[in-house]
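> Take a look at this one; I'll ask things after.
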Amino acid sequence: MTLLNNKKLSDKKPSGNNHHGLYKIVWLVVFFTVLIWSGIAPKSYLTWFLEVIPALIGLAVLAMTYAKFPLSRLTYAFILLHCCILMVGGHYTYAQVPLFDTFADWFGWSRNHYDKVGHFIQGFVPACIARELLLRLNVVKNERWRCVFVVSFCLAFSAFYEMIEWWTALVIGEDAEAFLGTQGYVWDTQSDMFMALIGSIVFLIFFRKWQDLSIQKTVQGE
């Protein structure tokens, strides 16, 4: 994809029109509404903190980079979705999200599969971010190799997150079960990474063209 004759967006600042301002307001309202809700009487405050801290770190990074390197609206939307999924998991714990308990009853599942949704998104959203950065910074020019790099990055990120969960569990001891959400499944770590792999592939197959259009609009300041 050629973005306006390879114009780099690292020098581009967000336009000051009302549409961009409204989008930021709506984004922040949704983020903080779900965050506040998730922090009201969660199952465990320790688990809540461990689950929402990535969302808070992400918010800080987005705030620091917005002026000099605004992402496309599509990427911001998917990041918000990921944050909301983390917050819901923090409120209920990933093993006790009520909607997925209902699904488990309907379909005869032996466990609550909300954690697999979280790990699917853990591959889907990093794929979105990684591909946008690779495109805009012109790091990998060939689209096929770009896809290979994105999938590899998402798998590496998922594996690293599993190590973070392991290290956290060693530190907090018996209270780690709610954070890990394994629910006694011996292949939980491997299936988590597999879901992240699927998420990254789904993004690349179905959302690349949509992302290209969203980036194009960002370049043009729409």
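No lab work stands behind these numbers, since they all come straight from the coordinates. The shown structure was predicted, so the numbers you read here are calculated from the model rather than taken from an experiment. Backbone-built Cβ (ideal geometry, glycine too); neighbour counts: all protein chains shown.
> Give, as ranges by residue number, the residues of region 31-54 whose backbone N falls under 12 Å from the point 7 Å along Cα→Cβ of Q96.
Those under the cut-off are 41-48.
> Going toward the positive end of the dipole of region 18-220, with +1 on Lys and Arg Cβ and -1 on Asp and Glu Cβ, which of A60, T33, L46 do you reach last?
The one lying farthest along the dipole's positive direction is A60.
> Along the Cα-to-Cβ line of I205, 7 Å from the Cα, sits a label point; which residues in region 113-127 have backbone N less than 14 Å from it?
Label zone hits: 124.
> OK, next. Between helix 143-172 and the chain, what is the angle of the helix's C-alpha long axis to the longest principal axis, kept within 0 to 90° and rounded to the nearest 10?
40 degrees
> Same structure again: I'd like the orientation of helix 208-220 relative to the chain: the angle between its Cα long axis and the longest Cα principal axis, in ° from 0 to 90, rounded to 10.
Approximately 50 degrees, to the nearest 10.
> With labels modelled as points extended 7 Å from the Cα through the Cβ direction, what inter-label distance (nm, one decimal) is found for T65 paired with K24?
1.7 nm
> Now for a different question. Can you tell me the FRET efficiency between A41 and A156 if r is taken as the Cβ-Cβ distance and R0 is 41 Å, rounded to the nearest 0.05?
E between A41 and A156, to the nearest 0.05, is 0.65.
> Let me know the number of lysine pairs in region 18-220 closer than 29 Å at the Cα, not counting same-chain pairs under 8 apart.
Close lysine pairs under the 29 Å cut-off: 11.
> If you fit an axis through the alpha-carbon atoms of helix 45-65 and take the longest principal axis of the Cα set of the chain, what angle between them do you get, 0 to 90°, nearest 10?
Around 10 degrees separate the two axes.
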